[in-house]
Amino acid sequence: MILKELSEAVGVSGDEAAVRQIILQHIDEHAEDIRIDAMGNITALKRAVKPGRRPRPRVLLAAHMDEVGFMVTGIDGDGSLRFTAIGGIDDRILPALRVRVGEEGIPGVILWTPIHKNRDQATRGISSLRIDIGASSKDEVAGKVKPGDRIAFDSAYMELGSETLRGKAFDDRVGCSLLVDVLQGGPYPCDVLAAFTVQEEIGLRGAKVAAQTLKPDVAIALEGTTANDILNPTAEPDDPTVPNPTCKLGDGPVLTVMDASLIVNPRLLGFLRAVADSHSIPTQLKTSPGGGTDAGAIHRAGAGVPSAVISVPCRYIHSPAALLRRSDYAHTLALIQAVLRDLTMDVLDFDS
C-alpha cells in the first residue's frame, strides 16, 4: 500500500504531475506499454499470464489521480488571496482551514471575519473568503503567488489506532493505491488495462479519453466513496427517518448499483456479488443516486463498455481529513483480484 505517499502528494484537478510521478515509480517494473497520453492519464498493460481455454476479457481498471482543491483568482490590496473551488467542496468546512498555495506549497489559512463580529457571514459562500499567507500588501505577494495557482488542503496522513487511517484526497488516492497493488500482484488470467486518470472531479474527462484509447471489454472504476454513517449510530438499520448512510466503515467494499452517472448492468453486478460471496468477502451496496465516477464516462465510450464500480468506504471525503479502515482496503483488494481471476466473456453475454 502506497496510500500515505499518494495522500500527501498534491494533485488538484488539471495539475496531477506530482501524483503521476509517484505512480510511475511504483509500476515501472510491474507493467508494460506504460504511457502518458495527451490528457495526462497514465495507461499501462499487465498482460495475462497465459491464454486459457475459456476466453478472457480485456479488463480496464481505472482510478483517478486528481483531488478537489482551489485556484487563486486574484490578490487583494492587503495581500490576501481570492480563490475559487475546483471540484465539489462544502463551503461550510472552509473557514480557518490550513492550505498550501502554488508549486512551492506556501502555507496559508482561509480567513473569515469571526462569527461573533458578524453573524450574517455564516450564510455567505466562498466569495466572502480569503486566504492569508502572512503578507501585508499586494506587492509583498508578487513573485510568490499568481492567479491560476492551485491550492490544496494542508493535511498530514496518520494512523488513528491500529485500524483507522486519516488523510486528504482518499477520493481517489485509495483507488490509485489499490490499482498499484493490483499491478504489483498477480499474475492474472486476463489482460489488465490500467488507467490512472486526470480531471475526474471536474467532469470525468480523463477517463473518457483513456477508455476510447484502450478499448476494453469491461471496466471497473476503483474509488473511495462517501460513508455517511455516523448521523445516528443508535438508530435501527431500516429506520425511515434516518438519512441513507450510503455505506459504512468496516462493512467491506462498496458495489455501486446506481449513481448520477451510471446504472450498473444487473448481470455484471450479480457477478461481482457472487465472486465476493464465493471468497467470503463482505460487501455492501451503494444505492444513493448522487455523485459519479469514471465509470460514468467509460461505459459510454465507443459502442459502450459494461462498467462497474468497487469502492472503499471513506468518511469525510472532499475534506482535509478523510477516514478509512484497513480491513475495508484489504477486502477491496482481495475482491478486485478475485474478480480478475474469475471473470470470463460468459459474464458479458448479456443476451443469455
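Readers should treat all values here as calculations from the given coordinates under stated rules, not as data from a laboratory. Note that the coordinates shown come from a computational prediction; the quantities given were computed from them, not determined experimentally. Note: ideal-geometry Cβ built from the backbone for every residue, glycine included; neighbour counts use all protein chains shown.
Test of understanding: in a Gaussian network model of the chain with alpha carbons linked when under 10 Å, which of A142, A207, A338 would top the mean-square fluctuation ranking?
A142
List every residue whose amide H lies under 5 Å from the amide H of A322, counting only residues 5 or more places away in sequence or on a different chain, with H placed 1.01 Å from N in the peptide plane.
G167, K168, A169, F170
For the chain, set up a Gaussian network in which alpha carbons nearer than 10 Å are linked by springs, and say which option among R315, R173, R82 fluctuates the most.
Per the Cα network of the chain with a 10 Å cutoff, R82 tops the list.
For segment 11-65 and segment 163-232, write down the distance between their C-alpha centroids in whole Å.
When both Cα centres are located, 10 Å separates them.
Given the Cα-Cα distance of R82 and L160 and 0.36 nm per residue of separation, how much length would full extension add, in nm? Don't skip to the end; give the middle numbers.
On the way: separation 78, 0.36 × 78 = 28.08 nm, distance 3.42 nm.
Stretched fully, the R82-L160 segment lengthens by 24.7 nm.
Taking the Cα atoms only, what angle lies between the long axis of helix 170-184 and the longest principal axis of the chain, rounded to 10 degrees?
Approximately 40 degrees, to the nearest 10.
When the dipole is taken about the Cα centre of segment 69-153, and only Lys, Arg (+1) and Asp, Glu (-1) are charged at their Cβ, what size is it in debye, to the nearest 20? Don't skip to the end; give the middle numbers.
Working: 12 positive and 11 negative charges, 42 e Å.
For segment 69-153, the charge dipole is close to 200 debye.
Gain in length, M39 to H279, computed as 0.36 nm per residue apart minus the alpha-carbon separation, to one decimal in nm?
Details: separation 240, 0.36 × 240 = 86.40 nm, distance 3.75 nm.
Contour length minus the Cα-Cα distance gives 82.6 nm.
How do M39, M65 rank when sorted from fewest to most other Cβ atoms within 10 Å of their own Cβ?
Working: M39 16, M65 29.
Starting with the residue having the fewest Cβ neighbours, the order is M39, M65.
Name the residues whose placed amide hydrogens come within less than 5 Å of the amide hydrogen of G74, ignoring near sequence neighbours (fewer than 5 apart) on the same chain.
R82
Please state the shape class of segment 167-221: rounded when a/c is under 1.5, otherwise prolate if a/b exceeds b/c and oblate if not, all from the C-alpha gyration tensor. Walk me through the numbers before you get to the answer.
Details: a/c = 3.02, a/b = 1.15, b/c = 2.64.
Cα axes put segment 167-221 in the oblate bin.
What lysines does K248 reach when the alpha-carbon gap must be under 28 Å and sequence neighbours fewer than 8 apart in one chain are set aside?
K248 reaches K4, K168, K286.
Using a Gaussian network model on the chain with a 10 Å cutoff between Cα atoms, which of P216, P266, P282 fluctuates the most?
P266
Give me the extension gain from S137 to A18: residue separation times 0.36 nm, minus the current Cα-Cα distance, reported in nm with one decimal.
Working: separation 119, 0.36 × 119 = 42.84 nm, distance 3.06 nm.
Gain in length upon complete extension: 39.8 nm.
Mind checking which aspartates and glutamates have their Cα closer than 20 Å to the Cα of K215? Skip sequence neighbours fewer than 8 apart in that chain.
Cα-Cα hits under 20 Å: E32, D33, D37, D191, E200, D294, D346, D349.
Which aspartates and glutamates, on any chain, are close to K138 with Cα under 15 Å apart, when same-chain ones fewer than 8 places away are left out?
D76, D78
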